[in-house]
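Here is the structure we will look at, set down as structure tokens.
The values are calculated or read from the model by the stated rules, or taken from the named source; none is laboratory data. The structure presented is a predicted model; accordingly, all values stated were derived computationally and were not measured. Quick reminder, even Gly has a Cβ in these numbers, built from the backbone with ideal geometry, and neighbours come from all protein chains shown. These accessible areas exclude ligands, DNA and RNA; they are computed on the full protein's heavy atoms, side chains included. Shrake-Rupley method; radii C 1.70, N 1.55, O 1.52, S 1.80 Å.
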Number of protein chains: 4
Amino acid sequence: MSELNPPSFAEAINAKGFTGAAGFRIVTITPGHAELALTRRDDLVQFFGHFHGGVITALADQAAGIAVTSGLPQGKIGVTVEIKVNFLAPADGNELIARASILKMSGSIGVATVEVFARDDRSERLCAFCTATMRALDLPAGAIR
Amino acid sequence: MSELNPPSFAEAINAKGFTGAAGFRIVTITPGHAELALTRRDDLVQFFGHFHGGVITALADQAAGIAVTSGLPQGKIGVTVEIKVNFLAPADGNELIARASILKMSGSIGVATVEVFARDDRSERLCAFCTATMRALDLPAGAIR
Amino acid sequence: MSELNPPSFAEAINAKGFTGAAGFRIVTITPGHAELALTRRDDLVQFFGHFHGGVITALADQAAGIAVTSGLPQGKIGVTVEIKVNFLAPADGNELIARASILKMSGSIGVATVEVFARDDRSERLCAFCTATMRALDLPAGAIR
Amino acid sequence: MSELNPPSFAEAINAKGFTGAAGFRIVTITPGHAELALTRRDDLVQFFGHFHGGVITALADQAAGIAVTSGLPQGKIGVTVEIKVNFLAPADGNELIARASILKMSGSIGVATVEVFARDDRSERLCAFCTATMRALDLPAGAIR
């Protein structure tokens, strides 16, 4: 079997575009799992001052993509076919934590679930639950330098 | 029956936080419908240079929320219970357009569908399809000035 | 390009197992679209006497599968990767009608939306809305006789 | 606080209509959790001879409804707002097992996740994963005798 994607691959992807600009941080990657964190900023919240649902979804999506990609052979990347998110409580902490795990890999399709927690100094609580369906895509040669 | 929320209400909400910072623009609001636009920026894209799925979801979510809120009595706002998005094609244009319509209002729950198009100078094409379930929440007095 | 699956293919599949036993009827199939009907029976309802949500989902799923399969080359069949259903109103008529349309075919993946209506002598009304993601599977040789 | 719904309530509901006819069996109910089982029959399968996706969804939906209803005050019942199911592997055993747990109760809305396993004499394996959003409805007086 070919080698799996190394964590550095996820780091390179995460540094780009929206995820880099918003400050998504990769906390840990183990095969089939990924944990990401995001610190609250005024340009990431909605009207009530909580993290915006789209930002929560972006973090969950990124975590799911990294978890699935960690289980793919080198040179392949998981892209999102569809994503479903339930918002369970106000995301009112000063940090979001997204923990993604592969539920099933089957051929070129991978499904992951993600729990997103809102965290402050005293506690963390589940604020969103996500299921994402990904498919494996060949990464263009030289795409990551 | 009480009066419905005016478009200025959506404008006030849209100007705040993430949606304001990312540059979400309200194109039109009619009762039960909302169209939003977002111009491509390097801090809104993913690894391949297309709009990030989380940003697409944020735009769809915002459009759904405005469509549902437009059908609620003044002082109430639609907040997202859950959202589901299928990504259908690369969001590679220089602008996103999200068109949301209420599918059903039932008591305090509203369901909307949203089509998201990637647009460039020559064409627009469907890049994502979204269904969102919202519930009506009382807005705190004085929340909008 | 190879020929598409003929409507007789869907008829053969529909006659089997649960869909045959429950009485699913194919009303029309055109490329990319399918309409199915189901007459109310006491063994298809839930506690309140309305069609059971699982039965509604089965009908929507079958309609989506036939719509997607109608757009696939002969010998391939669309199987469900995931399905999402919003229940919008009580399914209290004496017949269900499910109308499915392909939203997008992309490689081996197809996405369809389905509107399900509850119908009685006087009217029909939207009772459920569904989005289904399908993938193309090779049908074993001789599977349909 | 008022008393919660007793397991006998779920049994009464389960005996009716589709779930009674199909042979859904309640294995265990504890507060916030429900396990249901369903034995394979030729009128519950799809073309390939595996449990039909709609039947799998019905079992998951019923398990989610019982789990959520177990956490509601007496006289209230959880009805499905929306349901999302990923089909992960062929449901080819001689029995399905659905295990539902409440993820979050919040006002009149409850969210549950459900794992569905296909089981035969040797093993059980995850064949579907479901998230369901329910809302609490007042049960008509005398509805359960």
Notebook entry, point to check: Here is a list of conditions, (1) surrounded by 14 or more Cβ atoms within 10 Å (Cβ to Cβ); (2) more than 12 Å from every other protein chain (Cβ to nearest Cβ), and B:Thr30 meets all of them except one; can you say which number that is?
Noted result: (1)
Item checked: Search result, residues across region A:38-52 that are under 14 Å from B:Thr80 (Cβ atoms) and in contact (Cβ under 8 Å) with a residue 40 or more places away in the chain -> A:Phe48, A:His50, A:Phe51
Note to self: Looking at region A:120-139, I want the residues that are in a loop (DSSP other than H, G, I, E, B) and have a partner that is open to solvent by 50 Å² or more (accessible area, probe 1.4 Å) with Cβ atoms under 7 Å, at least 6 apart or on another chain. Which pairs are those?
What the structure shows: A:Asp120/A:Asn94; A:Leu139/A:Lys76
Next item on the list: Answer yes or no as to whether D:Ile97 is modelled with pLDDT under 95 and part of a strand (DSSP E or B).
Entry: no
Check: Hey, any hits in region A:105-117 for a residue that's in contact (Cβ under 8 Å) with a residue 60 or more places away in the chain and surrounded by fewer than 24 Cβ atoms within 10 Å (Cβ to Cβ)?
Finding: no
Note to self: Being closer than 30 Å to D:Val45 by Cβ and of a type outside the set (A, V, I, L, M, F, W, C) is the filter here; which residues of region D:71-95 pass it?
What the structure shows: D:Gly78, D:Thr80, D:Glu82, D:Lys84, D:Asn86, D:Pro90, D:Asp92, D:Gly93, D:Asn94, D:Glu95
Check: Given the structure, is A:Ala89 part of a loop (DSSP other than H, G, I, E, B), surrounded by fewer than 20 Cβ atoms within 10 Å (Cβ to Cβ) and at the interface with another protein chain (Cβ under 8 Å from one of its Cβ atoms)?
Finding: yes
Check: Across region D:1-32, what is the total count of residues that are part of a strand (DSSP E or B) and either within 13 Å of D:Asp61 (Cα to Cα) or of a type in the set (A, V, I, L, M, F, W, C) (or both)?
Finding: 4
Item checked: Members of region A:126-145 that are open to solvent by 70 Å² or more (accessible area, probe 1.4 Å) and at pLDDT 95 or above -> A:Arg135
Notebook entry, point to check: Out of region A:45-76, which residues are out of contact with any Lys or Arg (no Cβ under 8 Å at 6 or more places or on another chain), more than 15 Å from B:His52 (Cα to Cα) and β-branched (Val, Ile, Thr)?
Noted result: A:Val68
Check: Regarding D:Ile109, is this residue within 27 Å of B:Thr80 (Cα to Cα) and touching a Gly at 6+ places or on another chain (Cβ under 6 Å)?
Finding: no
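So, D:Gly71, is that one modelled with pLDDT under 95, in contact with a Leu (Cβ under 8 Å, 6 or more places away or on another chain) and farther than 24 Å from C:Phe129 by Cα or not? Walk me through it before giving the result.
Details: modelled with pLDDT under 95: yes; in contact with a Leu (Cβ under 8 Å, 6 or more places away or on another chain): yes; farther than 24 Å from C:Phe129 by Cα: yes.
Yes; evaluated as a whole, the condition is true for this residue.
For region C:65-86, enumerate the residues that are away from chain B (no Cβ under 14 Å) and not polar (S, T, N, Q).
Once the filter is applied, which keeps residues that are away from chain B (no Cβ under 14 Å) and not polar (S, T, N, Q), region C:65-86 yields C:Gly65, C:Ile66, C:Ala67, C:Gly71, C:Leu72, C:Pro73, C:Gly75, C:Lys76, C:Ile77, C:Gly78, C:Val79.
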Check: Which residues, counting only those in region D:33-55, are more than 7 Å from chain C (Cβ to nearest Cβ) and open to solvent by 10 Å² or more (accessible area, probe 1.4 Å)?
Finding: D:His33, D:Glu35, D:Thr39, D:Arg40, D:Arg41, D:Phe48, D:Gly49, D:His50
Note to self: Return the residues of region A:16-68 that are in contact with a Leu (Cβ under 9 Å, 6 or more places away or on another chain) and among the charged types (D, E, K, R); say none if nothing qualifies.
What the structure shows: A:Arg25, A:Arg40
Next item on the list: Tell me, yes or no, whether region D:10-19 has at least one residue that is without any contact (Cβ under 8 Å) to a residue 12 or more places away in the chain and either out of contact with any helix residue (DSSP H, G or I) (no Cβ under 7 Å at 6 or more places or on another chain) or more than 14 Å from chain C (Cβ to nearest Cβ) (or both).
Entry: yes
